[in-house]
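Chemist: Mind having a look at this structure? Questions to follow.
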Amino acid sequence: MKRGMGMGRFRTLLITLACVALVLGMASCGSNNAPEQAAASFIQDLRDGDRERVEAGLAPGTTLMLLLPADPAAQPGTTALLSFACSNLSYTVTGGVREGESATVEMDITVPDMTVLLQEYFREALLRTLIDAGGDLGTSLQTLLAEKVGAFSALAPFELRTSHVVLALVKVDNHWKISDVGNLEIAVIGGFEQMFGSVTPAA
C-alpha cells in the first residue's frame, strides 16, 4: 500500500516537473523569438491598428510615420488614410539573416494602389490652399482627405501593388525589436513615391 502511494507521488512529481519545464520552455521561446516571427508580429500589429503594440515593437529611438495619430479625432484624414492602408495590408516573409544581436528580415508587402487617391487629394488640396487663405485650412484639408479615403474605399476590389521591404532588427532586453523600417512606409502608402512625379495641374 505504501509502495503504491510512493509510486503515485513520484508520478505526480514527474508530471509537475514536466509541466514546469514546458512553461519555462515556452517563456524562453517567447523571449528569444526568431527575428522573422518578431517582424511578422510587428506587421500584424500594424495591420490591426494596435498603436501600443506597434510602439512596443520598435527599438528605442526608432520612429514610424505609419503610427495612427495619438488624437484621431483631431486628424480624421490622416487617421482614415493610415487605417485604410494598414487594414488592407497583407505580407509574406521571404527570408531573414541573423548576425548575433542584429538581424534583417525580408518580406513582400501588398496593399491597394492608392496612387489615384493621393493624386486627387493633392490636386484639390493645392487648389483649396490657393483659394482659401483664411479659415482653418488644416481642418479643411483633414476633412477633404477623410472624404477622399471614404470614396476610394468604396471602390473595392482594388488594384494591388507589392513592394519588397527589408526590416532591420536588434535585440533589446532579449526581445527582437525593429530598429530600421527601411521602405516600409512607402510600401504601405502605395503610390506615395509616384504621386509627385505624375500629378497633373488642375484644369
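Chemist: Just to check I understand the Karplus step: with θ = phi - 60° and J = 6.51 cos²θ - 1.76 cosθ + 1.60, what whole-Hz values come out for the range 67-76, glycine and proline as x?
Modeler: 5, 4, x, 4, 10, x, 5, 7, 9, x
Chemist: Something else now. Would you mind putting 59-69, 167-177 in packing order, based on average other-beta-carbon counts within 10 Å, highest first?
Modeler: Final packing ranking: 167-177, 59-69.
Chemist: Go ahead and collect, in residue order, the members of the range 158-177 whose backbone nitrogen is under 19 Å from a label point 7 Å along the Cα-Cβ direction of M65.
Modeler: The answer is 161-168, whose backbone nitrogens lie closer than 19 Å to the label point.
Chemist: Between L144 and T92, what FRET efficiency comes out of the Förster formula 1/(1 + (r/R0)^6) with R0 = 30 Å and r the beta carbon distance, rounded to 0.05?
Modeler: Between T92 and L144 the formula returns 0.30.
Chemist: Something else about it: For T94, what residues show an amide H to amide H distance below 5 Å, using hydrogens built from the backbone and excluding near sequence neighbours?
Modeler: HN-HN under 5 Å from T94: E106, M107, D108.
Chemist: What FRET efficiency comes out for T110 versus A34 if R0 is 25 angstrom and r is the Cβ-Cβ distance? Round to the nearest 0.05.
Modeler: For T110 and A34, the calculated efficiency is 0.65.
Chemist: Hey, can you grab everything whose amide H is under 5 Å from the amide H of D180? Only 5+ residues off in sequence or another chain; H modelled, so Pro and N-termini drop out.
Modeler: Amide H neighbours of D180, under 5 Å, 5+ apart: A168.
Chemist: Restricting the count to DSSP beta bridges whose residues both fall in the range 35-198, what percent are antiparallel, rounded to a multiple of 5?
Modeler: Percentage antiparallel, nearest 5: 95.
Chemist: What's the ranking of 142-148, 113-119 by average number of surrounding C-beta atoms within 10 Å, highest first?
Modeler: 113-119, 142-148
Each reported figure results from applying straightforward, stated rules to the coordinates on display, with no laboratory input. Because the structure is predicted, anything quoted here is derived from the model rather than measured. Positions of Cβ are backbone-derived with ideal geometry, glycine not excepted, and every protein chain shown enters the neighbour counts.
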